[in-house]
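Taking it in order: structure first as C-alpha cells, then the write-up.
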Amino acid sequence: MTSKAMNLGSSKLLVSNGIDVIIRIFLFLFAVIVLVPLAFMLTASFMPSSEITQMPYRWIPSQIAWRNFYRALAGNDGNFIYIRNILNSLFVSVTVAFTTVILSSITGYSLAKFHFKGKNIVFMGIMMTMMIPFEPIMVPMYMVALKLGMQNSYQGLIIPFMMNAFGVFLMRQYLQTFPTDIIDAARIDGCSEPKIFRSIVLVNSGPAVASLAILTFRQQWDNLMWPLMIAQDKKFKTIPTYIVSFAEEKLSDEGAMMAAALIASIPVIIMFLTLSKYFVGGSSVYSSGKE
C-alpha cells in the first residue's frame, strides 16, 4: 500500500471520527435541553417557594418541603379533588386507548387485507382528516356534544376520541406486511373472519398495538382544550384542567404548582420506563408497509 493511499485512509478516518464527535455533542446538548426542565420540576417540587425564586437557582433544596405535595393534592378548596381528577384522567386515557386500538385495528385490517371498490378513496378520505387542525372542528363537536347531553359526563370526554385517523394509518401500514398466506390458511380451516382477526391478526400485531396504545394514552393524558370545554363540573375535570385552575389561584406558591406537575408526570414516566422498548423499536412499525 502506497503512502498516498495510507494518507487518504487516515484522512477519511479522521473525518468520520470528527463527524461522530459532532453528532455525540449535538445529542448530548439536545438531551440537556430536554432534561433540564424536568430536573427543575423535580427539585422545585421539594423546595419552599422562597428558594425556587432565588437567583442563582439552587438545584439541591436546603430542606424538603413535603407540604407542597399536600397542598397540591388538597387543592384550592382543601377537598382533595385532585385525586378524583387523576382517576378521571386514568379512566379516560385507558378507555380511549383501548377503543382506539380495537377500532383502528379493525379498520386498518380491512383496508390492508380486503379488496373492495373505493378502498383507496376511503383511505385517502381518512387521511385527509389528519390535515384538519382540531381548533376548526372543536366548536361543532362541542355543539353536538351539548345537543346529545354529554356535557359534564365521561361520555363527552371519551366518545369524540374513540378512534383517530393516525391509528388507522399506523395499523394499515403495519398489517400490509402481515403474511396473507396465514390468513388464507385460517379461512381454509374454517375460521370465521372475527376469529381470524382476534386470534391471529391482533395477537401477532404486538409492536403496532403497543405503540398506538402508548401514543393515544399520552395524547389523552395531555388533552386540555376539550376537557376544559366539556367538563365544567369539578368531578369530571382531568389533570390538565385541574393544573390550570390550580395555577390561577396559587400564583404565589410555586412549590405546590411544581408538586402538582410532578404528580401528573409520574404515570407517563412509569409507562415510558416500562414500555421503552416499543419506543426504541418503534421505527420498524412506522416504516412497515413500504414497498
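At-a-glance table
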item: Meets criteria (in contact (Cβ under 8 Å) with a residue 12 or more places away in the chain, out of contact with any strand residue (DSSP E or B) (no Cβ under 6 Å at 6 or more places or on another chain), more than 28 Å from K195 (Cα to Cα) and buried (at least 18 other Cβ atoms within 10 Å of the Cβ)) for S153; result: no
item: Evaluation of A208 against (1) within 19 Å of F98 (Cβ to Cβ); (2) touching a Ser or Thr at 6+ places or on another chain (Cβ under 8 Å); (3) not in a helix (DSSP H, G or I) (one fails), failing number; result: (3)
item: Pairs where the first residue, in region 134-149, is assigned by TED's automatic domain parsing to the domain that holds L224 and the second is among the small types (G, A, S) and at pLDDT 85 or above, C-beta under 7 Å, 6+ apart; result: A145/G156
item: Unique match (being assigned to a helix (DSSP H, G or I), touching a Leu at 6+ places or on another chain (Cβ under 8 Å) and not assigned by TED's automatic domain parsing to the domain that holds V209) among L42, L27; result: L42
item: F114 among the aromatic types (F, W, Y), exposed (fewer than 12 other Cβ atoms within 10 Å of the Cβ) and without any contact (Cβ under 8 Å) to a residue 12 or more places away in the chain; result: yes
item: All positions within region 213-232 that are touching a Ser or Thr at 6+ places or on another chain (Cβ under 9 Å), in contact (Cβ under 8 Å) with a residue 24 or more places away in the chain and more than 18 Å from P267 (Cβ to Cβ); result: I230, A231
item: Of the criteria (1) aliphatic (A, V, I, L, M); (2) modelled with pLDDT under 85; (3) assigned to a helix (DSSP H, G or I), which one V203 fails; result: (3)
item: Flag for K119 being without any contact (Cβ under 8 Å) to a residue 40 or more places away in the chain, among the charged types (D, E, K, R) and surrounded by fewer than 21 Cβ atoms within 10 Å (Cβ to Cβ); result: yes
item: Residue count, region 184-237 (criterion: among the β-branched types (V, I, T) and over 18 Å from N164 (Cβ atoms)); result: 5
item: Filter pass, T107 being in contact with a Lys or Arg (Cβ under 8 Å, 6 or more places away or on another chain), part of a helix (DSSP H, G or I) and hydroxyl-bearing (S, T, Y); result: yes
item: Complete set of residues in region 186-197 that are assigned to a helix (DSSP H, G or I) and surrounded by 13 or more Cβ atoms within 10 Å (Cβ to Cβ); result: A186, E193, I196, F197
item: Filter pass, T100 being surrounded by fewer than 17 Cβ atoms within 10 Å (Cβ to Cβ), polar (S, T, N, Q), closer than 27 Å to G206 by Cα and touching a residue at least 12 places away in the same chain (Cβ under 8 Å); result: no
item: Filter result for the condition that a residue is of a type in the set (A, V, I, L, M), assigned to a loop (DSSP other than H, G, I, E, B) and over 23 Å from the mean Cα position of the chain (by Cα), over M143, M150, M163; result: M150
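One line per residue, one yes/no per condition, for (1) under 26 Å from T274 (Cβ atoms); (2) loosely packed, with under 13 Cβ neighbours inside 10 Å; (3) in contact with a strand residue (DSSP E or B) (Cβ under 7 Å, 6 or more places away or on another chain); (4) modelled with pLDDT under 85:
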position	(1), (2), (3), (4)
G125	no, yes, no, no
M138	no, no, no, no
M143	no, yes, no, no
L175	yes, no, no, no
L212	yes, no, no, no
F217	yes, no, no, no
L224	yes, no, no, no
K237	no, no, no, no
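The values are calculated or read from the model by the stated rules, or taken from the named source; none is laboratory data. Everything quoted here is computed from the prediction, not taken from an experiment. We place every Cβ from the backbone using ideal geometry, glycine too, and count neighbours over all the protein chains shown.
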